[in-house]
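Peer 1: Please see the structure below; I have some questions.
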Amino acid sequence: MIEKHNGMTIYSQVKSDIEFKIKHEIYKVGDKLPTNMQLCDIYNVSRITINRALAELEADGYIEKHQGKGCYVRFKEINQNMSSFYSFTDELKKMGMVPSAEFVSLKLVSPGYEVANALGIGIDENVFLLKRLRLADGVIVAYDRSYIPEKYIPNFGRDKIVNDSLYEGLQQHYGFRPNHSEETIEAVIIDDKDAKKMKIEPNSPVLKVRRVSYYNGTKVEFNSRIVNSKVFKYKMTLE
């Protein structure tokens with residue numbers, strides 16, 4: 001029921017109701033939403049209101065518009081269990097999703113103090129910086145920045161990433177694969193450049209995950225990941 005005096009804008013109430021129905025699988029992934037005119041009747045609001053609510057749902061990754069066919073649900077919440085070491089690619093596969101990555105850039109750079117401290121290396125030791133967008137079933141869920149000391153992966157190039165997996169590439173070409181990590185997670189507001197890359201609204205709340213990965217006790221990767229918190233959830237198991 002839309003309430004005109006509850007403090008929320010009318011389009012926000014419509015958006016929240018449709019979002020609720022998607023999250024609780026009243027509208028399931030792949031379902032076609034009611035037409036715009038039907039939604040106008042359901043909520044007793046104008047077409048302008050419906051259009052704005054649908055535009056925001058599309059921007060947030062809940063629906064996709066098919067030209068001439070209508071709007072379809074695409075949202076599937078991803079829950080990552082943090083009780084053990086995980087590979088992003090492997091975890092998505094376990095969930096029955098298709099993982100993929102969109103290459104952004106690869107550079108040999110100076111680490112800066114944050115990266116050098118995280119990896120326990122000198123400020124003068126170069127690192128490879130790999131930037132990628134991470135996708136699940138074609139939906140962008142994260143923006144990765146991986147820093148790996150050059151001394152561990154000499155002559156590293158884009159061609160050494162195997163099946164969109166950095167870790168598979170490290171195993172195949174350099175003989176090691178991270179097997180332990182430490183993570184910190186904080187809520188932040190995404191900056192405009194990252195928002196544009198991830199195709200989400202500027203100033204959206206997101207999760208920033210900083211991860212130091214080890215191979216047999218040696219720090220081999222520092223990863224700084226921006227996560228779309230609307231679709232990707234972290235779950236902790238406490239025993």
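Peer 1: If you plug each phi of the range 56-67 into the Karplus form 6.51 cos²θ - 1.76 cosθ + 1.60 with θ = phi - 60°, what whole-Hz ³J(HN,Hα) values come out, in order, with x for Gly and Pro?
Peer 2: Once θ is set to phi - 60°, the couplings for the range 56-67 become 6, 5, 5, 4, 7, x, 7, 9, 9, 9, 10, 3 Hz.
Peer 1: Any idea how far apart HIS180 and ASP159 come out in nm if each label point goes 7 Å out from Cα toward Cβ?
Peer 2: Rounded to a tenth, the inter-label distance reads 3.5 nm.
Peer 1: Also, quick follow-up: Could you give each residue of the range 102-111 its phi-based ³J(HN,Hα) in whole Hz, using Karplus coefficients 6.51, -1.76, 1.60 with θ = phi - 60°, and x for Gly or Pro?
Peer 2: 10, 5, 10, 6, 9, 9, 9, 9, 6, x
Peer 1: Provide Rg and Dmax in Å for the range 20-141, with only Cα atoms included in the calculation.
Peer 2: For the range 20-141, the Cα radius of gyration and maximum Cα-Cα distance read 20.7, 64 Å.
Peer 1: Could you work out the pair-distance distribution P(r) of the range 99-139 from its alpha-carbon pairs, with 5 angstrom bin width and percents rounded to whole numbers?
Peer 2: Final binned percentages: 6, 24, 18, 16, 13, 13, 8, 3.
Peer 1: Now, a different point. Looking only at LYS196, LYS69, LYS93, which one moves most when the chain is put into a Gaussian network model with springs between Cα atoms under 10 Å?
Peer 2: In the Gaussian network model the winner is LYS69.
Peer 1: Sticking with this one: Can you tell me what the convex hull of the Cα atoms of the chain projects to on average, as an area in nm²?
Peer 2: So the mean shadow area of the Cα hull is 15.7 nm².
Peer 1: At q = 0.17, 0.18, 0.19, 0.27 Å⁻¹, work out log10 I(q)/I(0) for the range 160-238 with the Debye formula, treating every Cα as an identical point scatterer and leaving solvent out; two decimals please.
Peer 2: -0.83, -0.89, -0.94, -1.15
Peer 1: Mind scanning LYS28/LYS199; LYS32/LYS230; LYS23/LYS107; LYS93/LYS230; LYS23/LYS196; LYS160/LYS197 and naming the pairs with a C-alpha gap bigger than 30 Å?
Peer 2: Values: LYS28/LYS199 22 Å; LYS32/LYS230 21 Å; LYS23/LYS107 39 Å; LYS93/LYS230 20 Å; LYS23/LYS196 25 Å; LYS160/LYS197 24 Å.
In this structure, LYS23/LYS107 exceed 30 Å between Cα atoms.
Peer 1: On to the next question. Using a Gaussian network for the chain with springs between C-alpha atoms less than 10 Å apart, which of these wobbles most: ILE26, ILE50, ILE190?
Peer 2: Comparing ILE26, ILE50, ILE190 in a Gaussian network model of the chain, the most mobile one is ILE26.
Peer 1: Also, quick follow-up: In whole Å, largest first, what are the principal axis extents of the Cα atoms in the range 27-73?
Peer 2: 25, 20, 17
Peer 1: Once Rh for the range 103-216 is found with the Kirkwood sum over Cα pairs, what is the Stokes-Einstein diffusion coefficient at 20 °C and 1.002 mPa s, in µm²/s?
Peer 2: Result for D is 139 µm²/s.
Peer 1: To continue, here is another question. Can you work out the FRET efficiency for the pair THR9 and ASP192, with r the C-beta to C-beta distance and R0 = 25 Å, to the nearest 0.05?
Peer 2: It comes out at approximately 0.60.
Peer 1: Of the candidates MET97, MET198, MET37, which one comes out as most mobile in a Gaussian network treatment of the chain with C-alpha springs shorter than 10 Å?
Peer 2: Residue with maximal mean-square fluctuation among MET97, MET198, MET37: MET37.
Read-outs throughout are calculated quantities, based only on the coordinates presented, and are distinct from any laboratory measurement. These numbers were taken from a predicted model, which means no experiment stands behind them. Please note: Cβ atoms are built from the backbone with ideal geometry, for glycine as well, and neighbour counts cover all protein chains shown.
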